[in-house]
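Colleague: Below is the structure I would like to discuss, written out as structure tokens.
Each reported figure results from applying straightforward, stated rules to the coordinates on display, with no laboratory input. Bear in mind that the values here come from a model prediction, so they are computed numbers and not experimental data. Using ideal geometry, Cβ is built from the backbone for each residue, glycine included, and neighbour counts are taken over all protein chains shown.
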């Protein structure tokens, strides 16, 4: 039985990993004024962050079109017994809805399941990785969908922001709006709850923020998967990865980068931890 796994580029999975796991990534669109780019296809992370910092035009993003999804579903359904399409929380993006619409456009499809991950970035990636592992193990479409539903509540994300100004510009600030009035020197920590970004505290210095990320790992129960994410500070991310290695295997920890699609809202100097706990039997 061949089950194909699809996600969108907000999952921030390293390219090497998507190739290894045979995961298809549908890119989000990025716009600088009249210029349109496909996330990580037409513009790299380095190019994007340079423009974000220096271009007078602030970028915005658009979800993949239903036709984008329909094209991928049509292509993969020719050699698949089923497709599972896992996407960014529907409360922050129209991508999930676009995938649902795309499914309706597919000709003679194999069974397709669209899943709302209820989270963002590499936290989606951890869910996708598990789905891919299950697909490779020979589990059926319904078995994988059921297991993914159990995994989602056990995937957690904590993000250290340098500033919330990019989140405010992008209109995705939601319940974190209360932190906007904070003292400029305060660095906010946000998490995702019920598909929305919510405050999880604030720190005065960057080192204290990384300590909080480490505590997040220390306080987790039976970690199954772990990822360290950054936008523009690879050395800092590597240092955090080294610090977590006494808690969880360094070789099994994913080092990922916040791509253009979410970098629009997060900005430079993002540092985050995503982890999957074992959950109840």
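Colleague: For the pair residue 91 and residue 242, how long in nm is the line joining their label points, each one 7 Å along Cα→Cβ?
Modeller: The answer from the label model is 3.7 nm.
Colleague: Between residue 65 and residue 142, what is the spin-label point distance in nm, taking each point 7 Å from the Cα along the Cα→C-beta axis?
Modeller: Result: 3.6 nm between the two label points.
Colleague: While we're here: For the chain, what is the calculated [θ] at 222 nm in deg cm²/dmol (nearest 500), taking -39500 (n - 2.57) for each run of four or more DSSP H residues and dividing by its residue count?
Modeller: One gets -10500 deg cm²/dmol as the mean residue ellipticity at 222 nm.
Colleague: Hey, how many Å between the Cα centroid of the range 110-174 and the Cα centroid of the range 201-278?
Modeller: 16
Colleague: Evaluated at 25 °C with a viscosity of 0.890 mPa s, what Stokes-Einstein diffusion coefficient in µm²/s does the chain have when Rh comes from the Kirkwood expression over alpha-carbon pairs?
Modeller: Calculated translational D: 129 µm²/s.
Colleague: Still on this structure, please answer the following. On a 0 to 90 degree scale, rounded to 10, what angle separates helix 121-136 from the longest Cα axis of the chain?
Modeller: For helix 121-136, the angle is close to 30 degrees.
Colleague: In addition: At 37 °C and 0.692 mPa s, grab the translational diffusion coefficient of the range 63-144 from Stokes-Einstein with a Kirkwood Rh over Cα pairs, rounded to a whole number in µm² per second.
Modeller: Details: Rh = 13.0 Å.
Rounded to a whole number, D works out at 252 µm²/s.
Colleague: Starting from the eigenvalues of the Cα gyration tensor, five times each then square-rooted, give me the equivalent ellipsoid semi-axes of the range 1-50, largest first, whole Å.
Modeller: Ellipsoid half-lengths, sorted descending, are 25, 12, 7 Å.
Colleague: Using the alpha-carbon atoms, what tilt in degrees (0 to 90, nearest 10) does helix 234-244 show relative to the longest principal axis of the chain?
Modeller: The helix 234-244 is inclined about 80 degrees to the chain.
Colleague: Still on this structure, please answer the following. Ranked highest first by the average count of other Cβ atoms within 10 Å around their residues, in what order do 43-56, 223-236 fall?
Modeller: Peptide ranking by packing, descending: 223-236, 43-56.
Colleague: Order 63-73, 5-15, 118-128, 102-112 from most to least packed using the mean count of other Cβ atoms within 10 Å.
Modeller: Highest mean packing first, the order is 118-128, 5-15, 63-73, 102-112.
Colleague: For the chain, find the longest principal axis of its Cα atoms and tell me its angle to the long axis of helix 141-151, 0 to 90°, nearest 10.
Modeller: Once rounded, one gets 20 degrees.
Colleague: Based solely on C-alpha atoms, express the radius of gyration and the Dmax of the range 154-277 in angstrom.
Modeller: Cα only, the range 154-277: 13.7, 40 Å (Rg, Dmax).
Colleague: Right, another one. Given labels modelled 7 Å from the Cα in the Cβ direction, how far is it in nm from residue 34 to residue 214?
Modeller: 5.1
Colleague: Related question: Once you have the Cα-Cα distance between residue 57 and residue 222, take 0.36 nm times their residue separation minus that, and quote the gain in nm to one decimal.
Modeller: Once the chain is fully extended between residue 57 and residue 222, it gains 54.9 nm.
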